[in-house]
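The values are calculated or read from the model by the stated rules, or taken from the named source; none is laboratory data. What you are looking at is a predicted structure, and each value in this text was computed from that prediction instead of being measured. Because the Cβ atoms are built from the backbone with ideal geometry, glycine has one as well, and the counts that use them run over all protein chains shown.
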Amino acid sequence: MWETIKNAWKIPEIRKKIIFTLFIILVFRVGSVIPVPFVNPEMIREMSTGQSANQFFNYLSILTGGGLTYGAIFAMSVTPYINASIIIQLLTVVIKPWERLSQQGEEGRKKLAQITRFATIILGLIQGTAYFFYLNNNKCLSVTGGAVVFAAFVIILALTAGSALVMWLGEQIDVKGIGNGISILLFAGIISRGPDALDYLIGIWNISTGYKVAAIAIVLAFIAVIVFIVWMTGAERRIPIQYAKRVVGNKQYGGQNTHLPIKVNMSGVLPVIFASSFLMVPTILLSFEFLVTKGSSFYKFLSLFSVQGAFYAVLYFLLIIGFAYFYTTIQYNPIEMANNLRKNGGAIPGIRPGKTTSDFIAKILSRITLLGALFLSVIAILPIVVSSFGDAMAGISIGGTSLLIMVGVALDTVQNLESQMMMRHYKGFLD
């Protein structure tokens, strides 16, 4: 990877893209520590540490690069855009006009992108409102009395504008930088929490001999999980394909053997993000005290969705598996795949064309999806399991979801660099 980056830096055009991407990341990080008006950052940081810390709040803070703990302009980070993208993608299957747009090439994709932007603003307003009530309920505002209404307007507007600006920064990376812009910003936010995680591990190390062993085990597990994620990301099931021979004039076409690659983790980290977004709703509702009375049955029900609870872990596990199957179902059509093979003169050895082929592909997809979903589920709930061993383990900043995102974005970015270098070193037909 380092060799790829070093070689890419030597190419002036790619070097400009890398510098531009780094500049956007710098802007993003600066915006993640500038607090919005009328909030008390010291109170927020105090609330997010210690025994009384809200673990779900800390989990969201990881994905936002610490913006939530500063009450920053970019506190919402890329989460409204990611959630909006997933929702629009899923609704495209249900809403026929949107489905037709997705099939209209570049023009249709531009219209869907515009719809996603509007959805991002709406979600930014909702999440910004929930964050304001959370701050107000925990006495983290610098104003009281009637000024709270004006403060609410300013804070929610600033957070929503921050979400829109982050979305725009990500799109600028797509156009002028390297890699997927939103993924790069998400990666930058997560990696920025690395020093906090290291500081926490040092704190564990200094407690006692037993905790030294725990710190070493955490580091070794961290390395092992990264290796496992890299291996699973590249793993694939190859279905052999054989094409029939055709003679046209004096030439023979086809007759070669190839394969149909199916990735084990076909859906990437999307099922994890969508499952966590779904489970975010009860916590958001708890922040609205005028809707949920503390101590009521509804309040107790919503409290079951605590991030550190067994109920949350089990439901999180099942939702990831369910969303993985749902994503695979809308992205891969075994009947269409079988028809394309038959039209091109291809067949799976030992499998009859038509319905038998589609049933075989569907069976393979089901098994591979289950394996990939179990992989995502185990990695995602690993921090919850580790934190159950003691209070000292509950403060680990980098969780399974974060590792999945970090490794995935790093691999995609390196592949993007390699493809751009290959394109620029291609000599062409005239050389």
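Quick check on this structure: which one of Ala338, Ala324 is more than 30 Å from the chain's Cα centre (by Cα), surrounded by 19 or more Cβ atoms within 10 Å (Cβ to Cβ) and among the small types (Gly, Ala, Ser)?
Values: Ala324 fails: more than 30 Å from the chain's Cα centre (by Cα).
Only one candidate passes the filter, namely Ala338.
Yes/no matrix, rows are residues, columns are (1) in a loop (DSSP other than H, G, I, E, B); (2) in contact (Cβ under 8 Å) with a residue 12 or more places away in the chain; (3) surrounded by 12 or more Cβ atoms within 10 Å (Cβ to Cβ):
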site: Pro195; (1), (2), (3): no, no, no
site: Ile207; (1), (2), (3): yes, yes, yes
site: Leu220; (1), (2), (3): no, no, no
site: Ile223; (1), (2), (3): no, no, no
site: Val227; (1), (2), (3): no, no, no
site: Val230; (1), (2), (3): no, yes, yes
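Which condition number does Ala147 fail, the rest of (1) of a type in the set (A, V, I, L, M); (2) at pLDDT below 90; (3) surrounded by 14 or more Cβ atoms within 10 Å (Cβ to Cβ); (4) farther than 30 Å from Gln331 by Cα being met?
All conditions pass for Ala147, except number (3).
Across the range 166-193, which residue is nearest to the chain's Cα centre (by Cα) among those that are over 18 Å from Gly31 (Cα atoms) and surrounded by 19 or more Cβ atoms within 10 Å (Cβ to Cβ)? Steps first, answer last, please.
First, the residues of the range 166-193 that are over 18 Å from Gly31 (Cα atoms): 174-180.
Narrowing further to those that are surrounded by 19 or more Cβ atoms within 10 Å (Cβ to Cβ): 177-179.
Working: Gly177: 20, Ile178: 18, Gly179: 15 Å.
Here the residue is Gly179.
Identify, please: which residue in the range 341-378 is among the hydroxyl-bearing types (Ser, Thr, Tyr) and surrounded by 19 or more Cβ atoms within 10 Å (Cβ to Cβ) and is, among those, farthest from Ala244 (Cα to Cα)? If you could, list the steps in order and put the result at the bottom.
Pass one, the range 341-378, residues among the hydroxyl-bearing types (Ser, Thr, Tyr): 356-358, 366, 369, 377.
Narrowing further to those that are surrounded by 19 or more Cβ atoms within 10 Å (Cβ to Cβ): 357-358, 369, 377.
On the way: Thr357: 16, Ser358: 19, Thr369: 30, Ser377: 41 Å.
It comes out as Ser377.
Free of Cβ contacts under 8 Å to residues at least 40 places away in the same chain, of a type in the set (A, V, I, L, M, F, W, C), surrounded by 15 or more Cβ atoms within 10 Å (Cβ to Cβ) and under 30 Å from Phe20 (Cβ atoms): does that describe Leu112? Reasoning before the result, please.
Working: free of Cβ contacts under 8 Å to residues at least 40 places away in the same chain: yes; of a type in the set (A, V, I, L, M, F, W, C): yes; surrounded by 15 or more Cβ atoms within 10 Å (Cβ to Cβ): yes; under 30 Å from Phe20 (Cβ atoms): yes.
Yes, satisfied.
Only one residue in Phe118, Phe132 is surrounded by fewer than 18 Cβ atoms within 10 Å (Cβ to Cβ), part of a helix (DSSP H, G or I) and among the aromatic types (Phe, Trp, Tyr). Which one? Let's see the steps before the verdict.
On the way: Phe132 fails: surrounded by fewer than 18 Cβ atoms within 10 Å (Cβ to Cβ).
Residue meeting the stated conditions: Phe118.
Looking only at residues that are at pLDDT 80 or above and assigned to a helix (DSSP H, G or I) in the range 39-72, which one is nearest to Gly124 (Cα to Cα)?
From the range 39-72, those at pLDDT 80 or above are 39-44, 68-72; that's our starting set.
So of that shortlist, the ones also assigned to a helix (DSSP H, G or I) come out as 41-44, 68-70.
Details: Pro41: 21, Glu42: 24, Met43: 23, Ile44: 20, Leu68: 14, Thr69: 17, Tyr70: 17 Å.
Out of the qualifying residues, it is Leu68.
Examine the range 282-293 for a residue that is touching a Leu at 6+ places or on another chain (Cβ under 8 Å) and at pLDDT 75 or above, and state whether such a residue exists. Even if it seems obvious, please write down each step before you answer.
So in the range 282-293, the residues touching a Leu at 6+ places or on another chain (Cβ under 8 Å) come out as 282-283, 285-286, 291-292.
Narrowing the set further to residues that are at pLDDT 75 or above leaves 282.
There is at least one residue in the range 282-293 that is touching a Leu at 6+ places or on another chain (Cβ under 8 Å) and at pLDDT 75 or above.
Conditions (1) more than 16 Å from Thr79 (Cα to Cα); (2) not polar (S, T, N, Q), marked per residue:
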site: Gln127; (1), (2): no, no
site: Ala152; (1), (2): yes, yes
site: Asp174; (1), (2): yes, yes
site: Asn180; (1), (2): no, no
site: Phe187; (1), (2): no, yes
site: Leu220; (1), (2): yes, yes
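Test Arg352 against the stated conditions and say whether it is out of contact with any strand residue (DSSP E or B) (no Cβ under 6 Å at 6 or more places or on another chain) and not in a helix (DSSP H, G or I). Don't jump to the end; show me each part of the working.
Values: out of contact with any strand residue (DSSP E or B) (no Cβ under 6 Å at 6 or more places or on another chain): yes; not in a helix (DSSP H, G or I): yes.
Judged against the criteria, Arg352 is a match.
Quick check on my filter: what residues within the range 308-331 are among the aliphatic types (A, V, I, L, M) and either modelled with pLDDT under 85 or on the phi > 0 side of the Ramachandran plot (or both)? Spell out how you get there, then give the answer.
Initially, the range 308-331 is screened for residues among the aliphatic types (A, V, I, L, M), giving 310, 313-315, 318-321, 324, 330.
Hits for the range 308-331 are Ala310, Ala313, Ile330.
Which of the residues that make up the range 75-127 are at pLDDT 85 or above, more than 19 Å from Ile405 (Cβ to Cβ) and within 16 Å of the chain's Cα centre (by Cα)?
Matches in the range 75-127: Ile88 only.
Restricting the search to the range 70-104, which residues are out of contact with any strand residue (DSSP E or B) (no Cβ under 7 Å at 6 or more places or on another chain) and over 24 Å from Phe326 (Cα atoms)?
First, the residues of the range 70-104 that are out of contact with any strand residue (DSSP E or B) (no Cβ under 7 Å at 6 or more places or on another chain): 73-104.
Of everything in the range 70-104, those that are out of contact with any strand residue (DSSP E or B) (no Cβ under 7 Å at 6 or more places or on another chain) and over 24 Å from Phe326 (Cα atoms) turn out to be Ile73, Phe74, Ala75, Met76, Ser77.
Looking at Phe311 and the list (1) touching a residue at least 12 places away in the same chain (Cβ under 8 Å); (2) in contact with a Leu (Cβ under 6 Å, 6 or more places away or on another chain); (3) not basic (Lys, Arg), which single condition is not satisfied?
Among (1) touching a residue at least 12 places away in the same chain (Cβ under 8 Å); (2) in contact with a Leu (Cβ under 6 Å, 6 or more places away or on another chain); (3) not basic (Lys, Arg), Phe311 violates only (1).
Looking only at the range 83-100, decide whether some residue is farther than 24 Å from Pro271 by Cα, in contact (Cβ under 8 Å) with a residue 24 or more places away in the chain and surrounded by fewer than 23 Cβ atoms within 10 Å (Cβ to Cβ).
Within the range 83-100, not a single residue is farther than 24 Å from Pro271 by Cα, in contact (Cβ under 8 Å) with a residue 24 or more places away in the chain and surrounded by fewer than 23 Cβ atoms within 10 Å (Cβ to Cβ).
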